[in-house]
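Just dropping this structure here.
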Amino acid sequence: MLTPEKVIEYYFGIITVVGGLSVLLAVKYTLRRWRSFPKNGWKVGSFATALVGLIVASLLETPLLFLKTWIALAFAAGIIEESVKLLPMKFFERSPEWEKWRLVIGAGLFLGIIEGLMYTAGIFALNQPAYLVGVRIVLAGLHATWAAITIGFLLGERGWKRFTGLAFSMIAHALYDLPSLAMVDGYPGTVVAYLAGLSTGFLLVTPLMAKKAAEMAGRLVPEEGEGQDEVPENIEETEENEVTSSP
């Protein structure tokens, strides 16, 4: 008989392999676009908004933890955590769109890292299997990938299609959490296996969505000279005039 616990063991193995490969491909497409933008300081802004976002998400998700509504928690986590990654859009609303693109992806990365460190501490404190650390590393990459998909569509598309990436990221995130939480909620192994299959399907599609999002973000590439300090062409003439006019 296929027990929920056995399904989750297989599922975590799939996440480590399939999810890891998906993240690597998605990072490849995202970095290629990242390098097409001018250099800017994004780390501080991304880290600060990630920290704020994690606090907000924790406050909103805590009631569901106390109520032990595990299935609802999975969907809430997908919706809330993918939404708070967009906080740089509000805090840096005057920044160029390509800067917002970077800040949102950075917020997703830092949120995943901070969350991962907290869960990893719990893994060692509770003496849980070490392979779960690998699962957390993959999830940190997925957090950044989902943020890249969300912001790529949001800034690169038009009309209702702009929200395609956000919807995908929310669903993929919720499905990622569902198998484990369904097991905790007492669902049978067949249901947990079905949910694990759905989650795996979204993991397989993730690199394709990341590639599409990166292509659409190409519309944000500033024109030559934009975003860089401009030096007046007549600077030498100006300096000569200042020297001539000086006593």
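Contact order normalised by length for region 47-140, with contacts defined as Cα pairs under 8 Å and 6 or more residues apart; what percent is it?
That works out to 30 percent.
In Å and on Cα atoms, what radius of gyration and Dmax does the chain show?
22.0, 97
Now for a separate question. Can you pull the one-decimal nm distance between simple spin-label points at Val56 and Lys161, each 7 Å off the Cα toward Cβ?
2.8 nm
Here's a follow-up. Could you identify which residue out of Pro222, Pro63, Pro179 has the top mean-square fluctuation in a GNM of the chain using Cα springs shorter than 10 Å?
In the Gaussian network model the winner is Pro63.
Return the carbon/sulfur percentage of the accessible area of region 1-127, one whole number, probe 1.4 Å, all protein chains in place. Spell out each step's value before the answer.
Values: 5050 of 7150 Å².
Solvent-exposed carbon and sulfur of region 1-127 make up 71 percent of the total.
Within the chain, how many Lys pairs that are eight or more residues apart, or on different chains, come under 15 Å at the alpha-carbon?
Final tally of qualifying lysine pairs is 8.
Considering the chain as a Gaussian network with a 10 Å cut-off on Cα pairs, which listed residue, Glu157, Glu61, Glu223, attains the greatest mean-square fluctuation?
Of Glu157, Glu61, Glu223, the Gaussian network model singles out Glu223 as fluctuating most.
Using only helices, what value at 222 nm comes out for the chain when you add -39,500 (n - 2.57) per DSSP H run of length 4 or more and divide by the total residues, to the nearest 500 deg cm²/dmol?
Result for the chain, helices only: -26000 deg cm²/dmol.
Right, another one. Can you tell me, using C-alpha contacts under 8 Å and at least 6 residues apart, the relative contact order of region 89-212 as a whole percent?
On the way: 107 pairs, mean separation 25.2, N = 124.
This gives 20 percent for region 89-212.
Okay, next question. On average, how much accessible surface per residue is there in the chain, in Å², for a 1.4 Å probe, leaving out ligands, DNA and RNA?
56 Å²
Within the chain, which DSSP H helices have Cα atoms that stretch 24 Å or more along the helix axis and a mean Kyte-Doolittle hydropathy of at least 0.0?
43-67, 97-125, 131-156, 164-184, 189-217
The values are calculated or read from the model by the stated rules, or taken from the named source; none is laboratory data. Here the structure is a predicted model, which is why all the values come from computation and not from measurement. Positions of Cβ are generated from backbone atoms using ideal geometry, with glycine treated the same way; all protein chains shown enter the neighbour counts. When the accessible area is computed, the model is the full protein with side chains, heavy atoms only, and any ligands, DNA or RNA have been set aside. Shrake-Rupley method; radii C 1.70, N 1.55, O 1.52, S 1.80 Å.
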